[in-house]
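K.L.:
Here it is, the structure, as structure tokens.
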Amino acid sequence: MANPDLLIVGSGLFGLTIAERAAVEHDAKVTIIDRRDHIGGNAYSERDPETGIEIHKYGAHLFHTSNERVWEYVNRFTSFTGYVHKVYTNHEGVVYPMPINLGTINQFFSAAYTPDEARALVAEQAGELAGSDPENLNDKGISLIGRPLYEAFIKNYTGKQWQTDPKDLPASIISRLPVRYTYDNRYFNDTFEGLPTDGYTAWLERMADHPNIEVRLSTDYFDTHQGLNKDAVRGRLPVVYTGPIDRYFDYAHGDLKWRTIDLETEHLSTTGDFQGTSVMNYADAGIPFTRIIEPRHFHPERDYPTDRTVIQREFSRFAERDDEPYYPVNGTEDRETLLAYRELSAAEPRTIFGGRLGTYQYLDMHMAIGSALSVADNKLPDLLRA
Ligand code: UDP
């Protein structure tokens, strides 16, 4: 599109949602650029050529939401399977259900506690921290489940995942994980859940499938050799920028810290089922990876080969500038840096910052979509008019 009405930098769920709304609701001509050679940001998946198994290239993506508007919206582009996410964790060679529930507790203590008995035990083990409202992950974890369960299932896993002392991590990280005094071992609490029936990429491509939307891949906003670059566009075109906010301002206030993951993919031809489930966490410090994903189990309804499988070992580490950022670390220093960038972004002409990288927030897929729908309601009309 020679002269788009709106430029979107980044084709992840935030950018795609804005693009779709701008095209459909405002009849705007939209160009989306992405520096990668595929659409969809980290939600992108591809078919493994050897087995046909859908592989989540950037780690497991499970769709879940309690937001009716988001659920109705995503169902315009794809149907969802009945997949319900369940996770297990290996601690000292024994497998337990996660998140921590009555099954985990009874197995861990070799007991048959009732819900009330288990609550009483955990309250006693939470000791001096019970009932308080700690701000760091370590104390929050102990106050929620008591020290023995915390040390078995949370402490080392979190240490491997964040490479930061849990005392220096915000309590909010662990609040993502429910603790249940029933045998319900669903991983998510949300009303709606499932995986896109034809895969993530088909869903994401349908969002961009509109005559007013053009997608240009392998196109970097900061590459001055391509026409729609920051220097050429800034202040002249409305822009929705979904890349890293510190990168946008040339790291003027320093780097925001991110975690990234490395996935080590292995094809197995000795078995059609490596672990019997999609995600197995490894809770102990001695095992370097945090979990093993076996993607065939995300789609039990599909006709995958029964004599082969694919697994991915997931390793976690701090991101360098050239790595893919996944999780904002959000330490004290980061929060100060972010405020400085927020100030700069508020003054940036005709540019909206959005999505996980653009806001430095850990947004699940449904949150990125929900946030984009709000921006489309509240800010897009003015941006397009300006
Ligand atoms: N967590 C843990 N043990 C587990 C699973 C999760 O300690 O077996 C903690 C850990 O601190 C993690 C947080 O709970 O960072 C949130 O887990 P979640 O599964 O939401 O992380 P994600 O899948 O988004 O990486």
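K.L.:
Angle check, please: helix 365-378 long axis (alpha carbons) against the longest principal axis of the chain (alpha carbons), in degrees 0 to 90, nearest 10.
P.N.:
40 degrees
K.L.:
Let me ask something else about it. What is the extension gain from ASN75 to TYR183, computed as 0.36 nm multiplied by their sequence separation minus the C-alpha to C-alpha distance, in nm to one decimal?
P.N.:
Between ASN75 and TYR183, full extension yields an extra 35.8 nm.
K.L.:
Ok, one more. If you fit an axis through the alpha-carbon atoms of helix 332-346 and take the longest principal axis of the Cα set of the chain, what angle between them do you get, 0 to 90°, nearest 10?
P.N.:
The angle comes out at about 20 degrees.
K.L.:
Taking all protein chains in place and a 1.4 Å probe, what share, in percent, of the accessible surface of region 330-375 do carbon and sulfur account for?
P.N.:
C and S fraction of accessible area: 52 percent.
K.L.:
Measure out, as a whole number of angstrom, how far apart the alpha-carbon centroids of region 274-353 and region 124-188 sit.
P.N.:
Region 274-353 and region 124-188 have Cα centres spaced 20 Å from each other.
K.L.:
Let me ask you something else. Loop only per DSSP, at most 14 neighbouring Cβ atoms within 10 Å: give me the trypsin sites (Lys or Arg not before Pro) in region 247-305, ordered by residue number.
P.N.:
ARG302
K.L.:
What residue among LEU204, LEU169, LEU339 has the largest mean-square fluctuation in a Gaussian network model of the chain, using Cα springs under 10 Å?
P.N.:
Most flexible of the set in this elastic network: LEU339.
K.L.:
Quick check: Cα centre of region 85-121 to Cα centre of region 1-22, how many Å?
P.N.:
Here the answer is 46 Å between Cα centres.
K.L.:
Work out, step by step, the length gained on full extension between GLN125 and ASN229: first 0.36 nm times the residue separation, then minus their alpha carbon distance; give nm to one decimal.
P.N.:
31.7 nm
K.L.:
Same structure again: Using the alpha-carbon atoms, what tilt in degrees (0 to 90, nearest 10) does helix 13-26 show relative to the longest principal axis of the chain?
P.N.:
40 degrees
K.L.:
Just want the answer: with Cβ charges of +1 for Lys and Arg and -1 for Asp and Glu, which residue in HIS91, ALA120, PHE108 is farthest toward the dipole's positive end in region 72-169?
P.N.:
Of the listed residues, the answer is HIS91.
K.L.:
Full extension from ASP307 to ASP273: what is 0.36 nm times the residue separation minus their Cα-Cα distance, to one decimal in nm?
P.N.:
11.4 nm
K.L.:
Evaluate the distance, in nm, between pseudo-label points positioned 7 Å from the Cα of ALA347 and of ARG206 along their respective Cα→Cβ axes.
P.N.:
4.5 nm
The values are calculated or read from the model by the stated rules, or taken from the named source; none is laboratory data. Not measured: the values here are computed from a predicted model. Note: ideal-geometry Cβ built from the backbone for every residue, glycine included; neighbour counts use all protein chains shown. These accessible areas exclude ligands, DNA and RNA; they are computed on the full protein's heavy atoms, side chains included. Shrake-Rupley method; radii C 1.70, N 1.55, O 1.52, S 1.80 Å.
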